[in-house]
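Novice: Here it is, the structure in full.
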Amino acid sequence: MLERIQKSIDFIRTITKSTPKICIILGSGLSSLKDYISIDEIIRYSEIPYFPISTVKGHKGELVFGNISGTEVVLMNGRFHYYEGYSMQEITFPIRVVKQLGAEYLFLSNAAGGMNSAYSIGDIMFIEDHINLMGDNPLIGHNIDELGPRFVDMLEPYDRELIKDAINIAQEKSIKYHKGVYVAVPGPCFETPAEYRYLAKMGADAVGMSTVPENIVAIHSGMKCFATSIITDLGFEGHFHPISHKEVLQVANKSANKINEIIIEMIKKM
Ligand code: HPA
C-alpha cells in the first residue's frame, strides 16, 4: 500500500506542487462546488496510478486542485462506492493519497434518505455521528502503522468545532438544517419499508451508501472530518413512494447551493 500511495503521489507531483489543506469529496448531484474553486490543475482519475475509476452516473472522475478564498483545496469530483464492486481499501485509497499531499481536513457530502419524520426533501443534515452497517471496514487486514493506529477511537468521527461553524453559518444565512446520525448501507438497492423502519429504530436519521469508509480512513490517518447529507427522499410512514437515482440527482442538484454556501464560508473562516 505504501508503495502504491507513493507512486500515485509521484505522478501527481509531476503535475502539481499543491499542498491542499482540505480535501472535499462531493456526492451524487453535488458537484457544482467546483464552480467556486479558483482552479490550478485538474487530473483525471484514470491518469493516476492505482486510482479506481467511478462508474456511477452523476459522478465525474477528477481531482481538482485550486483554492477557495486563498485556502488550497483538492476536490475529488466523483467518488467510489462499495456497490460498484470496489473493496473498502480501493474506495478509500484517494484519502491516503491526499493526506500524504498535506490534507488535514476531509469535507464530505452525500445524498441520503431521510427517516426522521421532522425531515423534508431538500433539507440538509450535518452528520454528527454514524452507524456502519456496510458489513465491512477499510481498516480490516494488516495495519500499516505509518498510516495510523491498529485500533481507532471513534468517539468524535465528525469534528464538533466544524459542526458548530457550519451551524453558525447556516443560522446567519437562514438555511434550514438538521444535525443527525447517518447510517451507511452497502446498497445498491434502496431500502424496503421494513428496512427504513429498522434503521430509524436503531437511531439513524438518514441512510446512504457512502461517506463512512472515507470517514473511517480519515480518522485513522488523523484528519478532521465534516460531512453533510442532502435529504433526497423520505423513508418513513406516509411518505414511502418509489424512488430512482434520477430523482436523487435532481433533488441533490437543486439543493447543492445550500451545501456549497456553507462549505465555502467555512473554508473562508479557516
Ligand atoms: N437509501 C439509501 N441511499 C440513498 C437514499 C436512500 O433512501 N437516498 C439517497 N441515497
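No lab work stands behind these numbers, since they all come straight from the coordinates. Everything numeric here is computed off the predicted structure, so don't read it as measured data. Note: ideal-geometry Cβ built from the backbone for every residue, glycine included; neighbour counts use all protein chains shown.
Novice: In segment 137-213, what GluC sites (Glu not before Pro) fall in a loop by DSSP, with at most 16 other Cβ atoms inside 10 Å?
Specialist: Passing both the DSSP loop test and the Cβ count: 146.
Novice: Is segment 149-270 rounded, prolate or oblate when judged by the Cα gyration tensor, a ≥ b ≥ c being the square roots of its eigenvalues, rounded requiring a/c under 1.5 and prolate requiring a/b larger than b/c?
Specialist: oblate
Novice: Over the chain, calculate the relative contact order: mean separation of alpha carbon pairs under 8 Å at least 6 apart, over the residue count, as a percent.
Specialist: 26 percent
Novice: Here's another thing I want to ask about it. Just from its helices, what would the mean residue ellipticity at 222 nm be for the chain, if runs of 4 or more DSSP H residues each count -39500 (n - 2.57) and the sum is divided by every residue, rounded to the nearest 500 deg cm²/dmol?
Specialist: Counting only the DSSP helices, I get -9500 deg cm²/dmol.
Novice: Same structure, new question: Treating the beta-carbon of each Lys and Arg as +1 and of each Asp and Glu as -1, no other charges, what is the dipole magnitude of segment 81-132 about its Cα centre, to the nearest 20 debye?
Specialist: The dipole of segment 81-132 has a size of about 160 debye.
Novice: Taking the chain as a Gaussian network, where each spring joins two C-alpha atoms under 10 Å apart, which residue of 243, 167, 91 fluctuates the most?
Specialist: For the chain, modelled as a Gaussian network with Cα springs under 10 Å, the answer is 243.
Novice: Continuing with this model, one more query. Provide the per-residue ³J(HN,Hα) series for segment 123-128, in order, calculated from phi with Karplus coefficients 6.51, -1.76, 1.60 and θ = phi - 60°, each as a whole number of Hz, with x at glycine and proline positions.
Specialist: Rounded to whole hertz, the list is 5, 10, 10, 7, 7, 9.
Novice: Against the empirical 2.2 N^0.38 Å scaling, what ratio does the C-alpha Rg of the chain come to? Show your work: numbers first, answer last.
Specialist: Details: Rg = 17.5 Å, N = 270, 2.2 N^0.38 = 18.5 Å.
Relative to the rule-of-thumb radius for its length, the chain sits at 0.95.
Novice: While we're looking at this one, here's another question. Compare the Cα positions of 244, 213, 154 along the charge dipole of segment 120-270 (+1 at Cβ of Lys, Arg; -1 at Cβ of Asp, Glu; about the Cα centre) and return the one farthest towards the positive end.
Specialist: Checked the options; the winner is 244.
Novice: Roughly how many debye, to the nearest 20, is the charge dipole of the chain about its Cα centre, given +1 on each Lys and Arg Cβ, -1 on each Asp and Glu Cβ, and no other charges?
Specialist: 380 debye
Novice: I'd like the orientation of helix 2-13 relative to the chain: the angle between its Cα long axis and the longest Cα principal axis, in ° from 0 to 90, rounded to 10.
Specialist: It is inclined by approximately 80 degrees.
Novice: Averaged across orientations, what area in nm² does the convex hull of the alpha carbons in segment 60-124 project?
Specialist: 6.4 nm²
Novice: Here is a further query. Taking every alpha carbon pair in segment 1-81, what does the distance histogram look like in 5 angstrom bins from 0, in percent?
Specialist: Result returned by the calculation: 3, 16, 25, 25, 19, 9, 2.
Novice: Ok, one more. For segment 1-125, what's the relative contact order in percent, using C-alpha pairs closer than 8 Å and at least 6 residues apart?
Specialist: Working: 204 pairs, mean separation 42.3, N = 125.
So the answer I get is 34 percent.
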